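The values are calculated or read from the model by the stated rules, or taken from the named source; none is laboratory data. This structure is a prediction, so every number in the text was calculated from the model and none was measured. Here Cβ is always computed from backbone atoms with ideal geometry, including for glycine, and neighbour counts include all displayed protein chains. Just so you know, the surface numbers come from the protein's heavy atoms only, side chains and all, with ligands and any DNA or RNA stripped out. Shrake-Rupley method; radii C 1.70, N 1.55, O 1.52, S 1.80 Å.
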Amino acid sequence: MERESRIAQWLRRRAERATERAGAERPGDRSEARTASARGSGGRRWGGRGGQPAAEAAEAARDREALLLTAAEAGFPLAPAAHPSGYGCSCVRIGCPTPGRHPVSFAWQTQATTDRAQIERWLHAEPEANFITATGRAHDVLDVPAEAGYAALARLEEQDAAADPGAEPVLGPVALLGGDRMLFFTKTRGTPEDEDEWWPCELDSHPETMEEHPGLRWHCRGSYVLLPPSRLPDASEGVSWLCPPHPGSPLPEPLTLLETLTDACAEYAMTGEGREEAAPWPVR
C-alpha cells in the first residue's frame, strides 16, 4: 500500500509541476515560439503586415474578375490569352514575337464566349491569363495611336455632351493599350450570309497584319484585341479602361467615329517628328 501511495504522490507532484509551468508561460510567448518555429522551418508569417500582400492579391483578383465579367455582360465575347512570364511569354513558343498579346488556342474564334460560367472556369484554372475579345461578332474596334486617340476622345466627348437626349451614342467604351494605342469600341459591320455582300476595307486589321497598320486599324471579323485588365511584358504598362463598358448600353456606329479618328490620325502623322510611317490610312 505504501508503494502505491508513493507512486500516487509522484504522479500528483508531476501533474502539479506541469500545471505551474503552463500557468507561467504567457500566451504571447507561445505565439512567438510558434512564429519562430515557422520561420526556422521556412514557413511564412501571414499575420499582421505579412497578410497584406495576400489580401491585396485577392482583392486585385476580384477586381479583375469583375471587369472581365462586366465586359462579357456587355456582349464582348472573351477567350483566354497568354500572359507575360519572366522575360518572355507563358506560351511554349521559343522567342514568342508577341509575348502576352495572343490567344492561348488557335481555336480562339470558336472559344470566344460571353458565358459567365465558362469565363469563371478559365479564370480559376489560369489566374494570370490575359483575355482577348473577338471582334466582328458583337462589336468592332477602331485602334489608333494614343496621341491621336486623346485628341479624338476630347472631340468625341464634346459631341456626346452636345447630342440630343435619346440620340445615338457618339462615344462608347474606350481602352488604353500599353500607353501607345487607344481602342474605340463600336458596333460591328456584322457577318453577312452572302460573302459577296462583305464590304472589303483597307482599314481591316487582322492579327498577322498589325505592323502594316501604323495609323488607324479597324478590327472586325477575324481579328481581336486585348481586353482590360491584361498585362504586358513591361510591368509598368497594361490594358486599362478609359471609358468602361456598361451592360445594356448601345455602342456607337463606327462611321460616326471614323471622320474624327482619321482627322486626329492625320494631325498626329503631320506633327510627329520622325513619324513618316504613321499614316492615318494604312498602306499595304
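Enumerate the calculated ³J(HN,Hα) couplings along segment 57-69 in order (Karplus 6.51 cos²θ - 1.76 cosθ + 1.60, θ = phi - 60°), each rounded to whole Hz, writing x wherever the residue is Gly or Pro.
5, 5, 5, 4, 5, 5, 5, 4, 4, 5, 4, 5, 5
Mark the label point 7 Å from the Cα of residue 61 along Cα→Cβ and return the residues of segment 235-249 whose backbone N is within less than 14 Å of it.
No residue qualifies, since no backbone N sits under 14 Å from the label point.
What is the spin-label model distance, in nm, from residue 255 to residue 118 if the labels are put 7 Å beyond Cα along the C-beta direction?
Label-label distance for residue 255 and residue 118, simple model: 3.2 nm.
Given a 1.4 angstrom probe, what's the average accessible area per residue across segment 47-137, in square angstrom? Don't skip to the end; give the middle numbers.
Numbers: 5120 Å² over 91 residues.
Per residue, segment 47-137 has 56 Å² of solvent-accessible surface.
Between residue 87 and residue 73, what is the label-to-label distance in nm when each label sits 7 Å out along the Cα-to-Cβ direction?
Placing both labels 7 Å along Cα→Cβ, they lie 4.3 nm apart.
From the phi of every residue in segment 99-105, what ³J(HN,Hα) in whole Hz does the Karplus formula 6.51 cos²θ - 1.76 cosθ + 1.60 yield, where θ is phi - 60° and glycine or proline is x?
x, x, 10, 10, x, 6, 10
Each label point is 7 Å from the Cα along the Cα-to-Cβ direction; what then is the distance between the points at residue 98 and residue 168, in nm?
3.0
Could the peptides 111-117, 175-181 be put in order, highest first, of the mean number of other beta-carbon atoms found within 10 Å of their residues?
Ranked from most to least packed, the peptides come out as 175-181, 111-117.
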